[in-house]
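Visitor: The structure that follows is given in the form of structure tokens.
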Amino acid sequence: MSPTLNTDKTLINFENKDTILVSYSMRGEELVVNEALKVRALPEGSYDKLLEFLRLYRDAVQIVVDRIWGIDEKLSWKKLHRLFYSDLISMSFRAHHAKEIYINAKNLMESARGNGGRKPVLRKLSARIDKYDYKLDLDNMTLTLKLHNDYEARLKLIASRERIEKFRSWSNYELVVKYEEGVFWVSIYFKRAVRPLEPRTVMAIDLNFGNVTLAVYTLDGRRVRLKRFNTPHKKILTHKIWIERIQRKYPKSWRFIKGVRKAIERHGKRIKNISWDYAHKTGNTIAKLALKHNSVIILEDLEKLRENNKKDKEFNKKLGLWFYRRIQFCVEYEAGERDLEVVKVNPRGTSSKCPRCGGRLVGDGYRVLRCRKCGFIGDRDVTATINIYKKYVSKHSRCGVSGVAPNAPKPDENPSGMQGNKNEAMTTES
Ligand SMILES: [Zn+2]
């Protein structure tokens, strides 16, 4: 429903187990989640024909690449079809094979040119296959591929029931077959439309160097939940400092001495694990809470964050936007799994504007902000969540949101409810 939703494709090593390509896209008003499931596949019987097909396919893509490499004009589907369709059919491909082959070639050429690279030379055996040319049977875990000359190849998919289960209600539309070092792999592309429930509450999330703060507001501005998670920033920084220390000690040679490089890699790996682990847990907890409160989840738009340079420079230097991105990715992923809506708002001013009068806030001691104009005093992170909530409400008043400001803490209210080590500082305001 909002154009600010993430449409990036993100390739990650999800849950450290399988490579899954996840992307979100808008189809009209609907959010569509795409995911690829990569599994090993075992051909039943001889796999000569399948290998023959993969080689033929690779060579055909190469032929098309060779022929379009010198062409500078824009190549439409129509033109590609006219140029190559009948040739490919005469090479014994099926109609949709032909389409996949010239589109594949075009994409390869464009990305090679985009990188200023040379004409691609294909070596790997990999074929993209349209839904018209395969039959997937998740009950029996088999896949039937339609090959050249109308040959068929049947493959057994090697994956646990649990991994497959979730995709039963999804539709699949394409797959990629690969042959690598004697093993066949299949990546199946699934998609599913997310139809968000009409939210009853708004969950505003503020990301910071040291913590993630979430607050749930009713549509008329009452805060019903407040929660803070500490980030593992200290642990991450410790490993970063180690890396920098080693690099300073061996400024020129660290790349080339195996032991030194390995030590750096070890710290890098720890950072990766700690941050993903945290992002998964936090994303999961946030989505569970949002489901419980039937919330729409509001995040700050990271791209705009960079432009605005809102957060302290120290954060950007020490931890970097990648850490925010990772957390947001997991929040969006887990929210999508539960059919919850995520909306991003511009973070401009969320930690510097008074939520009551719009005046400028100044620091007033540890984590506390004060408005010189109206005397508002509030915890820094809680104030940010109020502003994030207000931004959402002012833009999305369609669902009966009256646009009433949340009852901001009164000037004399002690914001220390959010301080100390208490991670959960739940308050229910009357
Ligand atoms: Zn004020």
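The values are calculated or read from the model by the stated rules, or taken from the named source; none is laboratory data. These figures come from a predicted structure and were not determined experimentally. Note that each Cβ is placed from the backbone with ideal geometry, even for glycine, and that neighbours are counted across all protein chains shown. With ligands, DNA and RNA removed, areas are computed over all heavy atoms of the protein, side chains included. Shrake-Rupley method; radii C 1.70, N 1.55, O 1.52, S 1.80 Å.
Visitor: Give me the base-10 log of I(q)/I(0) for region 142-234 at each q in 0.11, 0.17, 0.18, 0.26 Å⁻¹, Debye formula, one uniform scatterer per Cα, rounded to two decimals.
Guide: Ignoring solvent entirely, the Cα scatterers give -0.67, -0.89, -0.93, -1.31.
Visitor: Sticking with this one: Kindly provide the Kirkwood hydrodynamic radius of region 169-221 in Å, to one decimal, from all pairs of distinct alpha carbon atoms. Mind showing how you got there, number by number?
Guide: On the way: mean 1/r = 0.0629 Å⁻¹.
With all distinct Cα pairs of region 169-221 included, I get 15.9 Å.
Visitor: Beyond 13 Å, what share of the Cα-Cα pairs of region 53-116 remains, rounded to the nearest whole percent?
Guide: Here the tail beyond 13 Å accounts for 59 percent of pairs.
Visitor: Let me ask another. If each residue of separation counts as 0.36 nm, what is the full-extension length gain between Glu244 and Glu162 once their alpha-carbon separation is subtracted? Don't skip to the answer; put the middle values down first.
Guide: Values: separation 82, 0.36 × 82 = 29.52 nm, distance 4.19 nm.
25.3 nm is the gain from fully extending Glu244 to Glu162.
Visitor: Give a residue-ordered list of calculated ³J(HN,Hα) values for region 148-154 (Karplus: 6.51 cos²θ - 1.76 cosθ + 1.60, θ = phi - 60°; whole Hz; x for Gly, Pro).
Guide: 5, 6, 6, 5, 10, 10, 9
Visitor: Turning to a different aspect of this structure: Residue by residue, what Karplus-based ³J(HN,Hα) values in Hz, rounded to whole numbers, does region 164-173 have, using 6.51, -1.76 and 1.60 with θ = phi - 60° and x for Gly and Pro?
Guide: Computed from phi, the couplings for region 164-173 are 7, 3, 4, 8, 4, 8, 8, 9, 10, 9 Hz.
Visitor: If I compute solvent accessible area with a 1.4 Å probe over the protein chains, what percent of it on region 72-201 is carbon and sulfur? Please report the intermediate quantities before stating the final value.
Guide: Details: 3600 of 7460 Å².
Solvent-exposed carbon and sulfur of region 72-201 make up 48 percent of the total.
Visitor: At what distance in nm do the modelled label points of Arg222 and Glu44 sit from each other, each positioned 7 Å from its Cα along Cα→Cβ?
Guide: Reported label-point gap for Arg222 and Glu44 is 6.1 nm.
Visitor: With the cut-off at 29 Å, tell me which of the pairs Lys119/Lys240; Lys288/Lys395; Lys178/Lys344; Lys234/Lys304 have Cα atoms farther apart than that. Please list the in-between numbers first.
Guide: Working: Lys119/Lys240 39 Å; Lys288/Lys395 25 Å; Lys178/Lys344 37 Å; Lys234/Lys304 26 Å.
Those over the limit are Lys119/Lys240; Lys178/Lys344.
Visitor: Next up: Give the Rg/Rh ratio for region 28-83, taking Rg as the radius of gyration of the Cα atoms and Rh as the Kirkwood radius, to two decimals.
Guide: 1.16
Visitor: Could I ask something else about it? Compute and list, largest first, the equivalent-ellipsoid semi-axes of region 345-384 from the alpha carbon gyration tensor, each √(5λ) rounded to a whole angstrom.
Guide: Working: eigenvalues 44, 30, 11 Å².
Over the Cα atoms of region 345-384, the semi-axes work out to 15, 12, 7 Å.
Visitor: Also: With respect to the cross-link table entries Lys124/Lys191; Lys49/Lys99; Lys106/Lys131; Lys131/Lys156, which display a Cα-Cα separation exceeding 23 Å? Display every interim value, and only then the final one.
Guide: Values: Lys124/Lys191 27 Å; Lys49/Lys99 21 Å; Lys106/Lys131 20 Å; Lys131/Lys156 18 Å.
From the list (Lys124/Lys191; Lys49/Lys99; Lys106/Lys131; Lys131/Lys156), the Cα-Cα distance tops 23 Å for Lys124/Lys191.
Visitor: Whenever you get a sec, compute what percent of the accessible area on region 328-393 sits on carbon and sulfur atoms (1.4 Å probe). Numbers along the way, then the final one.
Guide: Numbers: 1040 of 2400 Å².
Carbon and sulfur: 43 percent of the exposed surface of region 328-393.
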